[in-house]
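Student: The structure follows.
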Amino acid sequence: MYVNIKTGMFLLLCFACEIIIPDCASAAWEEPTGKPFKRAMIFSGLALDFTAYIGLYDAAVDNHCEPDLIIATSGGAVAAAIIAAYPDKAERLKYLESEEFFDFLNSVTIEEARPAPYLAQLVRWFPRKYGLAPLTPDLFARPLASLPPPAENNSFNIPFPTRAKGPRIILIAGRMDYTKGNALRPGRKLFTETWFTDALTGAFLEGFNSPVATRYPRCSIACPVSVETENLVADGLKASIAEPHLLVPTCVDGKWYTGGAIDLWPVELAASLAEETVLPKLGNLTRIVETIFGSVFQYSNRKRLQDIEKNTVATRVDMEDNREAMKEVSFWFNIRLDRMAGRNDTSCLSHRRSSSGYLIPRPRIYYKGPKDYDDFLYRVGVQYEYGYRCGQKSLGS
């Protein structure tokens, strides 16, 4: 029988489809469905009052809705590191009352006690916030405070956990893609959002773009993210808490990092990895802090927070009153009038040790660290109970 070329090609195509299509359908059926994690909990920046996040996590565990993934940034990275190092609740609470934790909170040193130099920098910060900066920000000049590097026996010098008990951890930091401040920066992306985690979790993160860079294309953050899976928890912690202009940038494996403020509310990352997200609902950043971060990363955290309100989040834990609730027990910075020149106060760095007084009291920046061990125990206890109470209210059955 004579078969023309068109008919022959049609029959050949049908024969090929009959062989190939069942295999493709079978392959598609075998592909995993759903997301790799059931529940993600976000620990955002909560100043140095991160003990509240420990209470929130313990409330989730006690109500049988513990997360199997914690995404932490800025101050929240400390709480995530503690959970990674001490998955058992009893051991975790014991560490919170330990001298090691007391020494960690008391090791903050004010680098410049006078507020005037920082107020003078506002002239630079405001134009940078709106993208009107021809030069790269010099993050090594005049940091507010510093932290000593972790000791060799530090509890956080451990690999990122992959054990069955306890959650996986992702710590967020901003990598600096330039080495010299005040260099010309027209059209350059200066930072890369970096995710420190274990290799198993990192396999799910390949090919991701920064949610912030995608949402705000005019910011100074590059689109592709960097996933680091070969570092210790201490490395990710140091990188995440080294906030711009507040602490000096930190070096990890020859790369400089400037803190987790690059993305304080990583809800898109949580939604892509977990079926359910638990997000603490915090208040807005103060105008000064928002201006500092905006001048570096060139997008508004207030606008970011407003956009996040539109995202679908399974559970929002109301912690908007955290500043007022922990006002007297906060570990943060404060400005008060000092009447004594060179007063012997370890929370305020001063090179003068005379006992003479000022004719007119002068404003000085202080770190509100614990006065003694008993004061430390009281503050940590109040912060923990606040977080636990908020968790019980939102997650309790």
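Student: With Cβ to Cβ distances under 15 Å as the rule, what net charge do the other residues near Ala90 carry (K, R +1; D, E -1)?
Tutor: Residues close to Ala90 contribute a combined charge of -1.
Student: So, one more: In straight Cα distance, which lysines are under 18 Å from Lys165, not counting same-chain residues fewer than 8 positions off?
Tutor: Lys38, Lys89
Student: When Lys and Arg each count +1 and Asp and Glu each count -1, what net charge do the other residues less than 12 Å away from Gly259, Cβ to Cβ, add up to?
Tutor: -1
Student: Only Cα pairs under 8 Å and at least 6 apart count here; give the relative contact order of segment 242-293 as a rounded whole percent.
Tutor: Reported as a whole number, the value is 30 percent.
Student: Within a Cβ distance under 14 Å of Gly76, other residues only, what is the Lys/Arg minus Asp/Glu net charge?
Tutor: -2
Student: Phe333's amide H: which non-local residues (gap 5+, or another chain) put their own amide H closer than 5 Å, with H modeled 1.01 Å from N in plane and none for Pro or chain starts?
Tutor: Lys368
Student: Write down the Å³ per residue value for the convex hull defined by the alpha carbon atoms of segment 227-315.
Tutor: That works out to 117 Å³ per residue.
Student: What residues have an amide H closer than 5 Å to that of Glu275, excluding those fewer than 5 places away on the same chain, when H is modeled at 1.01 Å from N in the peptide plane?
Tutor: HN-HN under 5 Å from Glu275: Phe37, Lys38, Arg39.
Student: Here's a follow-up. Give me the three principal axis extents of segment 149-260 from the C-alpha atoms, as integers in angstrom, largest value leading.
Tutor: Computed over segment 149-260, the largest-to-smallest principal extents equal 47, 31, 20 Å.
Student: Going by amide H atoms built from the backbone, whose H comes under 5 Å of the H on Val317, apart from near neighbours?
Tutor: Residues meeting the amide H criterion: Leu279, Lys281.
The numbers here are math on the coordinates, done by the rules we state, and not lab data. Because the structure is predicted, anything quoted here is derived from the model rather than measured. Counting neighbours? That spans all protein chains shown, and the Cβs are built from the backbone with ideal geometry, glycine included.
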